[in-house]
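Report on one structure; see the data block that follows.
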Amino acid sequence: ADVSEEDLTTFFDNHLHVLPFVYKLHVAPRQYDQEYFGLDGEYTQEITSVHNQAQEFWSDSMGVQQDEIYLLSAHGSDLADRHDKLVPTLELLFRNTYDSDYTVYDHAADIQELITRLPGGYNFPLLTFNAFATDEMDDEEDDSSIIIGDGYFQFQQALGMDSEGPEYAHAHEFSHHLQFLLGVSDTQSGIAQVAKKSELLADAFSAYFLAHDLGGNMVSDEISNVHSVAFSLGDCVKSSAGHHGTPIQRRCATVWGAELADDREDMDKIDLFEFQNRFDTWFETVDDLSDSCQHLHSAAASRSSRILSFQVMTLLIGGLSVLLQQAIDV
């Protein structure tokens, strides 16, 4: 079923794609042991496992103490509970817009009526198509978290990328927590190049972890799927403040990170700050990447070198032919 243009406009005007995340982060009670991932919890074990692996992997690479990072999930189905979940969330977001003529309960009823018209109803993917990291939460403990919506998993499943897609999603968001520690995460700066660098660094961190023998320990086919997932999340609106890198740049960042894991001479993990310094060097020419993830000037130099080698070899063969002919004539 299609969504009408009017319903889609109302959907975004009322921030329905934000409501499940606001509810979970700022309204819901903290019950971490009851979190589940995917519409039916089908990704819970996978996400929990990679989360534990990531915390262990990075714990001795950061040089600083890391606080506990909690896993949270966002579900469109939470909006079906009008009184205990939807209304408190709307009051938080729109508290100054209600009056006796249009109350928060009126608003909640309109939103639920709209959702019933959407394909899949409360499971409509756009309700929860997001994943992000928070460095603090609005409670007395200021917990750090990673929150992933059901819509993200539905998106990856629709693309046939749900084998490594969930692990990449978690590893990417976990990598933002590494950036919080480094003080380099600034995806909300409004400056496209800064946001892009933050996202590409998270891509590189995640691929390094997933490819490393002591981390995700993914084989080449699995890492290749990670590259494809990263490619699928790129965009080409380079002037936008929310630009996170082109599809090629997103894929190449994971290629660079995975190759760094493979290039280590021993099993040691690279220091977090060394990783950042190497990435900064790679990023300087990120706008000059070819489809094969080579920098264009480097690729051109490589082609020139191959041409020169061919020319030299041709001359050598030609010279040998002359010498051989002279020897025969003698």
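Coordinate-derived values only; no laboratory data. Just so it is clear, the model here is predicted, and its values are computed rather than measured. Glycine gets a Cβ as well: all are built from the backbone with ideal geometry, and neighbour counts include every protein chain shown.
Our compactness index for the range 158-253, the C-alpha radius of gyration over the empirical 2.2 N^0.38 Å, is 1.05.
Sorted on the mean count of surrounding Cβ atoms within 10 Å across their residues, most packed first, peptides 49-56, 285-292 read 49-56, 285-292. Each pair of Cα atoms in the range 82-176 enters the Kirkwood radius, and Stokes-Einstein at 25 °C and 0.890 mPa s then converts it into a translational diffusion coefficient of 156 µm²/s.
Taken along its three principal axes, the alpha carbon spread of the range 32-120 comes to 58, 30, 20 Å, from the longest extent down to the shortest.
How large is log10 of I(q)/I(0) for the range 231-271 at q = 0.18, 0.23, 0.30 Å⁻¹ when the intensity is taken from the Debye formula with one equal scatterer per alpha-carbon? Treating every Cα as an identical point scatterer, log10 I(q)/I(0) equals -0.59, -0.72, -0.94. A straight chain from D81 to Q55 at 0.36 nm per residue would run longer than the Cα-Cα distance by 6.0 nm.
Taking Cα centre as origin and charging only the Cβ of basic (Lys, Arg, +1) and acidic (Asp, Glu, -1) residues, the dipole magnitude of the range 77-120 rounds to 140 debye.
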